[in-house]
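Have a look at the structure below before the remarks.
The values are calculated or read from the model by the stated rules, or taken from the named source; none is laboratory data. Quick caveat, the model's predicted, so the values are computed rather than measured. Positions of Cβ are generated from backbone atoms using ideal geometry, with glycine treated the same way; all protein chains shown enter the neighbour counts.
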Amino acid sequence: MLRHLAGASALALVLAGGAVAQDHDHDHEDVTLYRVFVGDHEKGQVTAFDLSEPDHRWTFPTTGQVKLFPVAGGAVVAAVQSDADTVQFIRSGIAFHDHGDHRDIEVGDPAAIDASLTGPRPFHLVEHDGKVVLNYDQGGYAEILDGHALAEGKVEPVRFPQARAHHGFVAPLGDSWLSTIASDEKVEGDASVPRLGLQAFDAEGKPAGDLASCTAIHGEAFSGAYLAAGCKEGVLTVKAGANGPEYKLLPYPAELPQGVTTGTLLGSTGIQVFLGNYGPDGLVVIDPVDEPHYRYIKLPFRRVDFALDPAKPSTGYVLTEDGSLHRIDLLNAEIADSAKVTEPYSMDGHWNDPRPRIAMAGDEIVVTDPNAGLVRRIATEDLSERGTLPVEGKPYNIAVTGGSGVTH
Ligand code: ZN
Ligand code: ZN
């Protein structure tokens with residue numbers, strides 16, 4: 001055994017030596033590739049294309065309408081189909097390998113993974129610490145997948161039991177598993193059950209701590225050391241401590257508009273900050289550590305969708321129902337720039353009516369425009385339109401994988 005290991009390391013060293021020599025030689029190429037995945041609003045279908053070469057195009061049939069999540073470092077796109085009780089997975093065809101001072105990009109065709117998940121109403125997907133977790137809202141359990149295995153096409157779920165089925169989430173944090181907790185009480189005329197807060201469990205679902213109260217908990221996100229989620233009374237923050245999770249509820253301050261709450265949060269990858277919704281026409285920048293914890297941004301119209309820029313951690317984008325896209329400066333909590341990018345899409349009507357969705361692709365924001373049958377490419381620099389790409393049907397939910405790397 002030892003001899004085998006020693007042999008393997010010697011071989012690895014020789015290979016690494018060869019690779020390093022080649023890295024700094026002439027025989028390499030910088031590649032930037034963003035691959036866009038678009039779910040149709042009506043038809044069970046995902047269209048994928050390369051942003052720079054949209055003729056590179058693929059179609060994947062799905063069981064129902066999808067919400068798309070890039071997972072496993074963008075190696076896989078999860079297609080969550082809540083109404084069809086199904087989660088399908090598509091290998092993006094783009095993989096990165098860290099070589100220390102640079103990373104390699106490997107590009108192939110995207111391909112559907114044969115194995116899928118089925119269960120009663122999968123909804124929230126959480127990815128953290130190499131795990132991908134799906135909550136089954138009508139199942140009373142979550143399923144945990146290993147991100148690396150998923151990137152290799154293996155769908156091997158481990159079940160995490162919950163005491164009561166509800167619209168919630170399960171997330172790993174440090175040595176604990178955190179799960180939302182729902183009440184045992186039935187509310188007359190309401191199919192859902194009241195959500196009470198968050199609690200720590202071991203991997204088998206045995207309680208490992210007390211309930212942290214967070215009424216109607218919804219909208220989990222990670223940034224830095226923190227998980228944050230919205231509640232009726234404020235935002236609950238959690239970080240891993242020496243003796244388990246450390247919770248802190250940040251109450252909404254009096255100077256914020258009253259009677260509304262945060263229910264959707266995004267976590268920055270580059271700085272420890274969250275961007276949340278706050279009422280239909282507001283956003284709030286949340287600092288989990290320093291005061292002021294909340295800084296409010298009033299929008300000119302109701303919000304349709306918002307995203308954070310992973311390349312510029314203090315920047316976000318929000319689309320409002322008048323068809324304007326706004327650049328948000330998180331450091332100053334203000335709108336830095338605005339431009340009209342689509343026709344108006346009213347927020348009156350059903351939450352799941354066809355309206356634009358946005359995603360980041362390097363120095364572009366890609367915007368689905370369901371009524372126009374297009375994906376619009378908007379430059380982050382000045383919010384100008386760089387071009388449009390036709391997508392059959394009603395393009396709706398959107399996810400992007402890719403980035404830049406070296407081939408050699
Ligand atoms: Zn390399
Ligand atoms: Zn939800």
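Quick notes
- Residue match in region 185-194 (condition: without any contact (Cβ under 8 Å) to a residue 60 or more places away in the chain and not in a loop (DSSP other than H, G, I, E, B)): no
- Of all residues in region 60-80, those that are touching a strand residue (DSSP E or B) at 6+ places or on another chain (Cβ under 6 Å) and in contact (Cβ under 8 Å) with a residue 60 or more places away in the chain total 10.
- Pro251 being loosely packed, with under 15 Cβ neighbours inside 10 Å, on the phi < 0 side of the Ramachandran plot and more than 16 Å from ligand 2 (Cβ to nearest atom): yes
- Positions within region 234-270 being in contact (Cβ under 8 Å) with a residue 60 or more places away in the chain and part of a loop (DSSP other than H, G, I, E, B), in sequence order: Ser268
- Residue count, region 106-124 (criterion: buried (at least 16 other Cβ atoms within 10 Å of the Cβ), part of a strand (DSSP E or B) and either without any contact (Cβ under 8 Å) to a residue 40 or more places away in the chain or within 16 Å of ligand 1 (Cβ to nearest atom) (or both)): 1
- Only one of Pro370, Pro288, Pro313, Pro395 that is touching a residue at least 40 places away in the same chain (Cβ under 8 Å), touching a Gly at 6+ places or on another chain (Cβ under 6 Å) and not hydrophobic (A, V, I, L, M, F, W, C): Pro313
- Here Arg103 qualifies as of a type in the set (Lys, Arg) and within 16 Å of ligand 1 (Cβ to nearest atom).
Residues checked against (1) β-branched (Val, Ile, Thr); (2) on the phi > 0 side of the Ramachandran plot; (3) away from ligand 2 (no atom under 16 Å from the Cβ):
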site: Tyr136; (1), (2), (3): no, no, no
site: Leu145; (1), (2), (3): no, no, yes
site: Leu150; (1), (2), (3): no, no, yes
site: Glu156; (1), (2), (3): no, no, yes
site: Gly168; (1), (2), (3): no, no, no
site: Pro172; (1), (2), (3): no, no, yes
site: Ile181; (1), (2), (3): yes, no, no
site: Ala203; (1), (2), (3): no, no, yes
site: Pro207; (1), (2), (3): no, no, yes
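- Identity of the residue in region 309-334, among the aliphatic types (A, V, I, L, M) and in a strand (DSSP E or B), that ends up nearest to His350 (Cα to Cα): Leu319
- Checked against (1) away from ligand 2 (no atom under 16 Å from the Cβ); (2) within 26 Å of Tyr34 (Cα to Cα); (3) of a type in the set (A, V, I, L, M, F, W, C); (4) not in a loop (DSSP other than H, G, I, E, B), Val80 meets all criteria but (1).
- Tabulated pairs, region 209-225, first free of Cβ contacts under 8 Å to residues at least 40 places away in the same chain, second in a loop (DSSP other than H, G, I, E, B), C-beta under 7 angstrom, 6+ apart or interchain: Cys214/Cys231; Thr215/Cys231; Thr215/Lys232; Thr215/Glu233
- Candidates are the residues of region 208-233 that are farther than 28 Å from Pro313 by Cα and outside any strand (DSSP E or B); the one that is nearest to ligand 1 (Cβ to nearest atom) is Ala208.
- Leu68 fulfils the conditions (1) touching a Gly at 6+ places or on another chain (Cβ under 7 Å); (2) part of a loop (DSSP other than H, G, I, E, B) except for a single criterion, (2).
- Asp281 without any contact (Cβ under 8 Å) to a residue 60 or more places away in the chain, among the charged types (D, E, K, R) and in contact with a Lys or Arg (Cβ under 9 Å, 6 or more places away or on another chain): yes
- Strands (runs of 3 or more DSSP E) contained in region 138-178 and holding at least 2 residues at pLDDT 95 or above and under 13 Å from Gly119 (Cβ atoms): 141-146, 158-161
- For Val238, the stated conditions do not hold, so it cannot be described as within 16 Å of ligand 2 (Cβ to nearest atom) and in contact with a strand residue (DSSP E or B) (Cβ under 6 Å, 6 or more places away or on another chain).
- Residue match in region 118-130 (condition: among the hydroxyl-bearing types (Ser, Thr, Tyr), more than 16 Å from ligand 2 (Cβ to nearest atom), at pLDDT 95 or above and in contact with a helix residue (DSSP H, G or I) (Cβ under 7 Å, 6 or more places away or on another chain)): no
- Check on Glu321, buried (at least 19 other Cβ atoms within 10 Å of the Cβ), within 25 Å of Ser223 (Cα to Cα), of a type in the set (Asp, Glu) and modelled with pLDDT of 95 or more: no
- For region 195-207, a tally of residues being part of a strand (DSSP E or B) and either within 20 Å of Gly234 (Cα to Cα) or touching a residue at least 12 places away in the same chain (Cβ under 8 Å) (or both) returns 7.
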